[in-house]
There are 2 protein chains.
Amino acid sequence: MPEMRKDPIVDRWVIIAPERAERPNAILRNRAEVDDEQGCPFCPGNERMTPPEVLSRRPPGSQPGGPGWTLRVVPNRYPALRTETVMSREGRGLFDLIAGVGAHEVIVETPEHRGTMADLPAEQIESVLRAWQERIVDLARDVRLKSIFAFKNQGVPAGATLSHAHSQLIALPVVPPGMQEELRGAKRHFGEKERCVFCDIVGQELRDKERLVHESERMVVLSPWAARTPFETWIVPREHRSSFESSSGQELHAAADALRALLRKIDVALEKPAFNLYLHTMPLRENNNDWYHWHLELKPMLQQHAGFEWASGCTINPTPPEEAAAFLRQTEV
Amino acid sequence: MPEMRKDPIVDRWVIIAPERAERPNAILRNRAEVDDEQGCPFCPGNERMTPPEVLSRRPPGSQPGGPGWTLRVVPNRYPALRTETVMSREGRGLFDLIAGVGAHEVIVETPEHRGTMADLPAEQIESVLRAWQERIVDLARDVRLKSIFAFKNQGVPAGATLSHAHSQLIALPVVPPGMQEELRGAKRHFGEKERCVFCDIVGQELRDKERLVHESERMVVLSPWAARTPFETWIVPREHRSSFESSSGQELHAAADALRALLRKIDVALEKPAFNLYLHTMPLRENNNDWYHWHLELKPMLQQHAGFEWASGCTINPTPPEEAAAFLRQTEV
């Protein structure tokens with residue numbers, strides 16, 4: 001069964017999720033992206049290859065578990081964490097352990113096997129974001145779950161194992177240190193200035209202009225000041241709101257438009273790169289507040305995390321965010 | 001010029017080190033590993049292709065800057081940070097910046113173009129570790145530099161751009177957050193228990209045995225309890241010592257032996273994987289103390305940092321460290 005282990009020195013949780021493998025080095029062999037339309041578990045007609053769906057969008061008359069859907073959410077067949085696990089906490093000498101309680105779901109974004117999220121119409125991307133919202137609201141009912149991450153890995157170098165367009169949700173029984181630090185930083189800024197740090201960033205970027213990629217009535221797309229990797233880009237709603245779940249349909253629509261514009265720009269500028277996309281929102285069941293602000297972060301996968309990054313926690317970025325933003329601004333789609 | 005930028009929300013420094021490129025997307029093209037013996041800047045006879053050496057091991061009569069050496073240390077041709085930079089700190093609205101003062105050196109580990117560190121005799125690996133020591137002691141004289149990382153990327157997937165066996169040193173004008181957190185964690189443990197957390201870990205692993213890979217009179221090689229990635233392995237000296245620079249020749253010899261044994265085991269078990277190796281030691285010029293303990297960490301590069309890892313700071317590891325350790329223990333070399 002999966003478990004979460006805490007490092008005895010630093011505040012770091014790791015999910016140990018053993019794959020069923022005869023030999024521990026089987027990991028050498030299971031990285032290839034499956035691009036077989038016949039055997040694709042996300043294609044219409046192959047619904048039985050996944051666990052039963054927890055959400056689907058279907059026209060009237062279409063039966064759950066069969067084809068006809070335009071979007072489908074299913075539990076991951078190889079979950080990193082499981083809802084069926086009984087919650088338990090344990091210490092073993094120096095070492096701490098929590099049972100791997102959590103949820104791991106897959107959002108199949110389209111019935112089309114070919115094509116990527118960038119190829120979808122804005123309405124379909126909005127439907128994906130709305131599915132994230134609905135699943136977050138539903139999973140929040142399990143009080144053992146403390147935080148949730150929606151994310152998307154596109155392309156093998158970004159960690160994808162299936163090519164059919166999909167995103168994922170992982171809900172955790174802890175608020176992991178990476179998220180805690182962001183919450184702490186935002187709270188500290190508010191404590192000092194009585195202002196949201198994300199609203200402040202949006203304000204400065206709109207004045208400075210040089211790291212701005214795209215703006216619309218409701219969304220700002222920017223290269224962050226301390227971009228960790230080349231072409232890291234954030235989508236931040238102009239209106240202050242802590243939790244993604246409480247965003248209106250209009251806001252989701254604007255986010256989908258901005259995301260589509262960004263994906264099409266990076267596809268042209270960087271020749272359809274592999275990428276990671278993820279959502280940062282408040283921990284589950286926590287109220288909206290004045291100091292945290294949901295947003296999306298996108299990182300094209302153009303270089304490896306290497307020895308220096310692992311050693312120091314610093315990253316080396318050869319592309320100044322001002323240059324990345326200027327290049328993306330000029331890219332016509 | 002390179003610069004270090006601080007994220008306005010979290011305690012994160014990023015090195016922005018622009019490569020000279022006409023277009024920002026030139027990064028798409030410069031990832032191939034150069035394996036051309038003729039044009040290899042680390043091969044004997046090609047000494048002019050690197051900046052002048054700052055350290056070399058040569059037999060009597062051999063001239064600096066020419067061939068004949070067995071090991072050579074040179075400044076990186078494309079440094080992430082530079083010693084010539086004038087120290088300056090700046091705020092731009094919300095954003096903070098330090099000039100990219102630092103050092104970035106390359107240790108050419110052998111004159112042989114073919115072969116890896118695992119192929120070197122233990123005495124040569126010891127000579128590499130001694131070169132790390134000597135360069136750390138020398139760079140510590142520059143009081144602008146606060147911390148230093150010695151590391152090695154082997155293989156393209158691990159971030160290597162040249163195949164000739166080499167390691168690197170980066171000295172920073174800050175103690176980066178990743179290291180600060182480890183120092184803080186070790187200090188907290190000592191504050192609570194009056195014991196070094198690394199000594200405690202070594203003690204528990206020697207009793208538990210299940211995460212032990214290899215042990216010698218002076219070194220313990222183990223899979224850490226909360227291994228972030230498959231086959232992450234640490235080499236920890238049995239004797240408590242905070243800074244690597246103050247290790248004796250006997251200890252370096254033992255570390256080289258343990259490292260060689262580990263590299264040969266992972267080469268057999270994981271079919272010569274790409275890997276990252278790095279040193280964790282005290283910040284520069286800080287005295288030895290009772291609470292921190294230098295060590296080496298090795299991470300074979302078997303899977304990508306993907307969306308969930310970037311989003312949450314948690315990693316998902318499909319290989320329990322107990323299984324990795326048992327597999328490496330059984331691997332004959």
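Could you run through segment B:208-227 and say how many residues are out of contact with any Phe, Trp or Tyr (no Cβ under 6 Å at 6 or more places or on another chain), in contact (Cβ under 8 Å) with a residue 40 or more places away in the chain and not in a loop (DSSP other than H, G, I, E, B)?
Residues flagged as out of contact with any Phe, Trp or Tyr (no Cβ under 6 Å at 6 or more places or on another chain), in contact (Cβ under 8 Å) with a residue 40 or more places away in the chain and not in a loop (DSSP other than H, G, I, E, B) within segment B:208-227 amount to 4.
Count, please, the residues in segment B:136-193 that happen to be free of Cβ contacts under 8 Å to residues at least 40 places away in the same chain and among the charged types (D, E, K, R).
Residues flagged as free of Cβ contacts under 8 Å to residues at least 40 places away in the same chain and among the charged types (D, E, K, R) within segment B:136-193 amount to 6.
If you take the residues in segment A:179-199 that are touching a Pro at 6+ places or on another chain (Cβ under 8 Å) and open to solvent by 10 Å² or more (accessible area, probe 1.4 Å), which one is farthest from A:L279 (Cα to Cα)?
A:H189
Inspect segment B:259-268 for any residue being touching a Phe, Trp or Tyr at 6+ places or on another chain (Cβ under 6 Å), more than 10 Å from chain A (Cβ to nearest Cβ) and more than 25 Å from A:M301 (Cα to Cα) and give the result as yes or no.
Filtering segment B:259-268 for residues touching a Phe, Trp or Tyr at 6+ places or on another chain (Cβ under 6 Å) gives none.
The answer is no; no qualifying residue exists.
I need the full set of residues from segment A:161-178 which are open to solvent by less than 10 Å² (accessible area, probe 1.4 Å) and either more than 8 Å from chain B (Cβ to nearest Cβ) or touching a helix residue (DSSP H, G or I) at 6+ places or on another chain (Cβ under 6 Å) (or both), in order please. Explain how you work it out, then say what you get.
Let us first name the residues in segment A:161-178 that are open to solvent by less than 10 Å² (accessible area, probe 1.4 Å), namely A:164-165, A:167, A:169-173, A:176.
Within segment A:161-178, A:H164, A:A165, A:S167, A:L169, A:I170, A:A171, A:P173, A:P176 qualify.
Just for segment B:53-108: of the residues that are part of a strand (DSSP E or B) and of a type in the set (V, I, T), which one is nearest to B:I170 (Cα to Cα)?
As a first pass, look at segment B:53-108 and keep what is part of a strand (DSSP E or B): B:55-57, B:71-75, B:82, B:89-92, B:95-99, B:101, B:103-108.
Checking the rest, the ones that are also of a type in the set (V, I, T) come to B:73-74, B:98, B:101, B:106-108.
Working: B:V73: 13, B:V74: 12, B:I98: 16, B:V101: 11, B:V106: 9, B:I107: 11, B:V108: 15 Å.
The selected residue is B:V106.
Being within 8 Å of chain A (Cβ to nearest Cβ) and of a type in the set (D, E, K, R) is the filter here, so list the residues in segment B:186-206 that pass it.
B:D200
Against the condition free of Cβ contacts under 8 Å to residues at least 40 places away in the same chain, more than 17 Å from B:A122 (Cα to Cα) and within 11 Å of another protein chain (Cβ to nearest Cβ), how does B:L279 come out, does it pass?
Working: free of Cβ contacts under 8 Å to residues at least 40 places away in the same chain: no; more than 17 Å from B:A122 (Cα to Cα): yes; within 11 Å of another protein chain (Cβ to nearest Cβ): yes.
Here the answer is no, as B:L279 does not meet what is asked.
Residues B:E286, B:E297: which one is of a type in the set (D, E, K, R) and either more than 18 Å from the chain's Cα centre (by Cα) or buried (at least 24 other Cβ atoms within 10 Å of the Cβ) (or both)? Full working, then the answer.
Numbers: B:E297 fails: either more than 18 Å from the chain's Cα centre (by Cα) or buried (at least 24 other Cβ atoms within 10 Å of the Cβ) (or both).
That would be B:E286, the only listed residue that is of a type in the set (D, E, K, R) and either more than 18 Å from the chain's Cα centre (by Cα) or buried (at least 24 other Cβ atoms within 10 Å of the Cβ) (or both).
For A:I27, state whether it is within 14 Å of another protein chain (Cβ to nearest Cβ), surrounded by 15 or more Cβ atoms within 10 Å (Cβ to Cβ) and within 30 Å of B:R184 (Cα to Cα).
On the way: within 14 Å of another protein chain (Cβ to nearest Cβ): yes; surrounded by 15 or more Cβ atoms within 10 Å (Cβ to Cβ): yes; within 30 Å of B:R184 (Cα to Cα): no.
Criteria not met by A:I27.
Using the structure shown, decide if A:G191 is more than 25 Å from the chain's Cα centre (by Cα) and either at pLDDT 95 or above or not in a loop (DSSP other than H, G, I, E, B) (or both).
Values: more than 25 Å from the chain's Cα centre (by Cα): yes; either at pLDDT 95 or above or not in a loop (DSSP other than H, G, I, E, B) (or both): yes.
So A:G191 passes the test.
In the set A:S248, A:S223, A:S216, A:S312, which member is small (G, A, S), more than 9 Å from every other protein chain (Cβ to nearest Cβ) and under 21 Å from B:I9 (Cβ atoms)?
Values: A:S248 fails: under 21 Å from B:I9 (Cβ atoms); A:S216 fails: under 21 Å from B:I9 (Cβ atoms); A:S312 fails: more than 9 Å from every other protein chain (Cβ to nearest Cβ).
The conditions single out A:S223.
Within segment A:130-147, is there a residue that is of a type in the set (V, I, T) and out of contact with any Asp or Glu (no Cβ under 9 Å at 6 or more places or on another chain)? It would help to see each step written out before you state the result.
Restricting attention to segment A:130-147, the residues satisfying the condition of being of a type in the set (V, I, T) are A:136-137, A:143.
Add one more test, that the residue is out of contact with any Asp or Glu (no Cβ under 9 Å at 6 or more places or on another chain), and what stays is A:143.
Yes, that holds for at least one residue.
Tally the residues that are over 23 Å from B:Q250 (Cβ atoms) and open to solvent by less than 10 Å² (accessible area, probe 1.4 Å), restricting the search to segment B:125-147. I'd like the intermediate steps shown before the answer.
Taking segment B:125-147 first, the residues over 23 Å from B:Q250 (Cβ atoms) are B:139, B:141-147.
Right, trim to open to solvent by less than 10 Å² (accessible area, probe 1.4 Å) and you get B:145, B:147.
Selection size over segment B:125-147: 2.
Filter segment A:83-119 down to residues that are open to solvent by 20 Å² or more (accessible area, probe 1.4 Å) and of a type in the set (S, T, Y), then give me how many there are.
3
Condition first: open to solvent by 10 Å² or more (accessible area, probe 1.4 Å), more than 9 Å from chain A (Cβ to nearest Cβ) and part of a helix (DSSP H, G or I). Now tell me which residues in segment B:315-333 satisfy that.
Scanning segment B:315-333 gives B:E322, B:R329, B:Q330.
Every residue in segment A:228-279 that is within 19 Å of A:F151 (Cβ to Cβ), open to solvent by less than 10 Å² (accessible area, probe 1.4 Å) and assigned to a helix (DSSP H, G or I), please.
Across segment A:228-279, the qualifying residues are A:F244, A:L252, A:A255, A:A256, A:A258, A:L259, A:L262, A:L263, A:I266.
Can you find a residue in segment A:149-159 that is among the aromatic types (F, W, Y), in a strand (DSSP E or B) and crowded, with 17+ Cβ neighbours inside 10 Å?
Taking segment A:149-159 as the starting set, the residues that turn out to be among the aromatic types (F, W, Y) are A:149, A:151.
When the remaining residues are screened for being in a strand (DSSP E or B), the result is A:149, A:151.
Adding the requirement that they be crowded, with 17+ Cβ neighbours inside 10 Å leaves A:149, A:151.
Looking for residues that are among the aromatic types (F, W, Y), in a strand (DSSP E or B) and crowded, with 17+ Cβ neighbours inside 10 Å, one finds at least one in segment A:149-159, hence yes.
The values are calculated or read from the model by the stated rules, or taken from the named source; none is laboratory data. What you see is a predicted model, and the numbers here were worked out from it, not measured in a lab. Glycine gets a Cβ as well: all are built from the backbone with ideal geometry, and neighbour counts include every protein chain shown. For accessibility, only protein heavy atoms count, side chains too; no ligands or nucleic acids. Shrake-Rupley method; radii C 1.70, N 1.55, O 1.52, S 1.80 Å.
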